[in-house]
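Here the structure comes first, spelled out in structure tokens, and everything after it is commentary.
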Amino acid sequence: GAVVSQHPSWVICKSGTSVKIECRSLDFQATTMFWYRQFPKQSLMLMATSNEGSKATYEQGVEKDKFLINHASLTLSTLTVTSAHPEDSSFYICSASPGQLNQPQHFGDGTRLSIL
Amino acid sequence: RKEVEQDPGPFNVPEGATVAFNCTYSNSASQSFFWYRQDCRKEPKLLMSVYSSGNEDGRFTAQLNRASQYISLLIRDSKLSDSATYLCVVNQAGTALIFGKGTTLSVSS
């Protein structure tokens, strides 16, 4: 079945560090990938839509200069949290769909980011 | 009004119980409907898609009422392993998923 790989699964780093998270579709091509964030006891919230070969579309309230998204190929999207601060600590998850419209999406394992 | 609303629970039930979760969505243009399961500190995993005709997968039955913009999930004969958060999810064609906050289920022996 369709598999989405996300790396790293856990990051702990100092405030001010930039952190890059990778999301790969392993056995299918994804022109669109999605990045979500989930704070403790909250629902997943869409951060941005990553489009291969073009700029990402950010949701309201998400700073595009802080959360840099690059979707350089049909199987890889990256999210870089620049100059991370403790309030950026969260669970970040990417998803992609291998099929056409209305197909369920498959999620990466998620990245737990802790900023000290 | 939130796009997808669920009763957060928690639902605490004994093994073998039948439990039902409800969900409403606000966007009448929504086209796809799903139930995902999320275990603590893990990514969501697809439990089942939801179709207008209703669908069943073992102990799980999902129903959709487009007129009322209402989705349900019924779990029969609850197992300890069913303990998790159940997320009601909708989306339009080609767009990201919209998640409810989830309903927490705790099954005890």
Within segment B:89-102, does at least one residue satisfy the condition of being among the polar types (S, T, N, Q), part of a loop (DSSP other than H, G, I, E, B) and farther than 30 Å from A:C23 by Cβ?
no
Return the residue satisfying two criteria in turn: it lies in segment A:29-49 and is in a loop (DSSP other than H, G, I, E, B) and within 9 Å of chain B (Cβ to nearest Cβ), and of such residues it is nearest to B:C40 (Cα to Cα).
A:K41
Tell me, which residue of segment B:5-53 that is outside any loop (DSSP other than H, G, I, E, B), more than 11 Å from the chain's Cα centre (by Cα) and touching a residue at least 40 places away in the same chain (Cβ under 8 Å) is nearest to the other protein chains (Cβ to nearest Cβ)?
B:S32
Of all the residues that make up segment B:54-64, how many are without any contact (Cβ under 8 Å) to a residue 12 or more places away in the chain and part of a strand (DSSP E or B)?
3
Within segment A:7-54, how many residues turn out to be closer than 29 Å to B:K2 by Cα and not hydrophobic (A, V, I, L, M, F, W, C)?
12
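For segment B:28-74, which residues satisfy the criterion of being touching an Asp or Glu at 6+ places or on another chain (Cβ under 6 Å) and of a type outside the set (D, E)? Walk me through it before giving the result.
Taking segment B:28-74 first, the residues touching an Asp or Glu at 6+ places or on another chain (Cβ under 6 Å) are B:43, B:48, B:59.
Once the filter is applied, which keeps residues that are touching an Asp or Glu at 6+ places or on another chain (Cβ under 6 Å) and of a type outside the set (D, E), segment B:28-74 yields B:M48, B:R59.
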Quick one: count up the residues across segment A:1-23 that are at pLDDT below 95, under 16 Å from the mean Cα position of the chain (by Cα) and more than 18 Å from A:F91 (Cβ to Cβ).
1
Sort out which residues of segment A:63-116 are in contact with a Gly (Cβ under 6 Å, 6 or more places away or on another chain) and surrounded by 18 or more Cβ atoms within 10 Å (Cβ to Cβ), and write them in order of number.
A:F91, A:I93, A:C94
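Would you check which residues across segment B:58-81 are among the charged types (D, E, K, R) and modelled with pLDDT of 95 or more and list them? I'd like the intermediate steps shown before the answer.
At the first step, the residues of segment B:58-81 found to be among the charged types (D, E, K, R) are B:59, B:66, B:76-77, B:79.
If the condition is that a residue be among the charged types (D, E, K, R) and modelled with pLDDT of 95 or more, then B:R59, B:R76, B:D77, B:K79 are the ones that fit.
The values are calculated or read from the model by the stated rules, or taken from the named source; none is laboratory data. None of these values were measured; they are calculated from a predicted model. Note that we place each Cβ from the backbone using ideal geometry, even for glycine, and neighbour counts take in every protein chain shown.
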